[in-house]
Amino acid sequence: MADERMSRVDTAWLRMDNDVNLMMIVGVWLLEPAVGLAALRARIADKLLKYERFRQCAVADAAGATWVEDTDFDIARHVLPAVLEPAAGQSEREALQSLCGHLSSTPLDPTRPLWQFHLIEHYEGGSALIARIHHCIADGIALISVMMSITDGGADPPRRRPREPAAGVTTEAGEADWLADAVLKPLTDVAVKAIGMYGSGVSRGIDMLAHPQGSLMGSMMGSLDMARGGAQVLSDVAALALMADDSPTLLKGKPVGRKRVAWSEPLPLVDVKTIGKGLDCSINDVLLSCVAGAIAQYLADRGDDPTGKDIRAMVPVNLRPLDKAWQLGNRFGLAPLVLPIGIANPVERVYAVHRRMAELKGSYQPLLAFAVLAVSGLFVKPVQDAVTGMFARKATAVMTNVPGPAQPLKFLGSTLRQTMFWVPASGDIGMGVSILSYGGGVQFGLITDERLCPDPQAVIDRFAPEFERLLLLTMMLPWSGQGLDG
């Protein structure tokens, strides 16, 4: 296995760890019946290690980093047993949440491949499996592909062709780092000139980027050709650079670096679709509105009046064809979504989210955010920290919504009855929101900093009531088939 230079964007993620936020994606699988440690290690060795990246260390140097094979690799260092020790009066679930929070705050060994699995063999009549994977290995879309591959009947990654010399930095598949080049080369001059300028023009964007069909590169280059005229790109760069800092709330401030996690029980996905159809909105609009309502109620109960306030969440936007997810690495931009926590009426709040999502669908900002991360990967760490700190000042949370399999999966013969994951936050952002659909249900997960939100379960507990209020109001409205214009 030859050494390989890390892409610029992955280098940025490698160096983004700080004393309050670690760049780890953390997930939990709940399995019934229980699975054993020996069987788990055998499955991981057989399936996961077919991806070269999971046998490689990230070795940093002055110019970036290199993927280097761990010649002393030991599966026992990466697939570990864990034991829950509930405190007095604490349930198994609360103990599992505490362990997940602790592991989310605990760095991975930088001298070894940057991932670990922790198996609690006995949990609620089955087992619980906690996964920790550093973001420099891959983004969420790629890691879903990886985790699907280790389930029963999961497909192995395609066999890699021998590498050929390529211009520029090479990536996992030996391809030129074309996406960064495609963004950076045409934007270098206009981006510099755009700082300090205002504008409202937008170019084609999020729909094509979030759901790539056919040749993504061809579509991307078509958008870039259109953008070279400058107006759309200039205005979106200006909007990104000049975006106001986020509203002050109890959720903003200096984190302490200790994490808390929580998750909800699944809601029936069919009910979410019913609301979306009734209000002529998307499933996303419905769920994000409920998230905003839960956060608003949490703040209000603590004396922080949300009336008239908005908070901003950075939402990842996929920039790769889904059939290339096995190549790993990071290929996503960031779109700033405004959550209207100051709107108390659930139906009005859904429509406000709908309008703001529609505004983002014409934006070039996800691609520009990718360019910023690619450029920051070339800087020394203090400069990179200043660049990524810009995103942290302008947002309260990182938020992602991932559609999972519609049918329950099997793993080592057991049923994967529930799954949840948490996204990392950069800079001083203290909240990560995850929405995941799986097996006909949809659930809400939260990871927070102990100082800024010491009780994320209190936010989670408000999610279902907000959803039920919205469902009740939707059923009571006198619909005439006119949707948003009715």
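The values are calculated or read from the model by the stated rules, or taken from the named source; none is laboratory data. Model, not experiment: these values are computed from the prediction. Note that we place each Cβ from the backbone using ideal geometry, even for glycine, and neighbour counts take in every protein chain shown.
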All-but-one check, LEU103 against (1) aliphatic (A, V, I, L, M); (2) closer than 29 Å to PRO321 by Cβ; (3) touching a strand residue (DSSP E or B) at 6+ places or on another chain (Cβ under 7 Å), failing number (2)
Residue within the stretch 302-318 that is in contact with a Pro (Cβ under 9 Å, 6 or more places away or on another chain), modelled with pLDDT under 95 and surrounded by fewer than 17 Cβ atoms within 10 Å (Cβ to Cβ) present: no
Counting only residues in the stretch 277-301 that are of a type in the set (Gly, Ala, Ser) and at pLDDT below 95, the one nearest to VAL353 (Cα to Cα) is identified as SER282
Just to be sure before I move on: is TRP13 modelled with pLDDT of 95 or more, among the aromatic types (Phe, Trp, Tyr) and within 23 Å of the chain's Cα centre (by Cα) in the structure I sent? no
Any residue at all in the stretch 296-304 that is part of a helix (DSSP H, G or I) and closer than 20 Å to VAL442 by Cα? no
Just to be sure before I move on: is VAL35 over 30 Å from THR151 (Cβ atoms), surrounded by 18 or more Cβ atoms within 10 Å (Cβ to Cβ) and in contact with a strand residue (DSSP E or B) (Cβ under 8 Å, 6 or more places away or on another chain) in the structure I sent?
no
Over the stretch 404-431, the set of residues without any contact (Cβ under 8 Å) to a residue 40 or more places away in the chain and in contact with a helix residue (DSSP H, G or I) (Cβ under 9 Å, 6 or more places away or on another chain) is ALA406
Considering the stretch 137-159, residues that are in contact with a helix residue (DSSP H, G or I) (Cβ under 8 Å, 6 or more places away or on another chain) and assigned to a loop (DSSP other than H, G, I, E, B), and then whichever is modelled with the lowest pLDDT, we arrive at PRO158
What do you reckon, is ARG132 under 19 Å from LYS259 (Cβ atoms) and among the basic types (Lys, Arg)?
yes
Condition set among the charged types (D, E, K, R) and in contact (Cβ under 8 Å) with a residue 40 or more places away in the chain, scope the stretch 41-86, selection surrounded by the most Cβ atoms within 10 Å (Cβ to Cβ): answer is ARG53
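Yes or no, residue by residue, for (1) over 21 Å from the mean Cα position of the chain (by Cα); (2) hydrophobic (A, V, I, L, M, F, W, C); (3) part of a strand (DSSP E or B); (4) modelled with pLDDT under 95:
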site	(1), (2), (3), (4)
VAL387	no, yes, no, yes
MET420	no, yes, yes, yes
SER437	no, no, yes, yes
THR448	no, no, yes, no
GLN457	no, no, no, no
GLU466	yes, no, no, no
THR474	yes, no, no, yes
query = Is it the case that the stretch 66-74 has a residue that's among the polar types (S, T, N, Q), closer than 18 Å to GLY329 by Cβ and at pLDDT 95 or above?
reply = yes
Counting only residues in the stretch 321-349 that are part of a strand (DSSP E or B) and among the hydrophobic types (A, V, I, L, M, F, W, C), the one nearest to ALA142 (Cα to Cα) is identified as PHE332
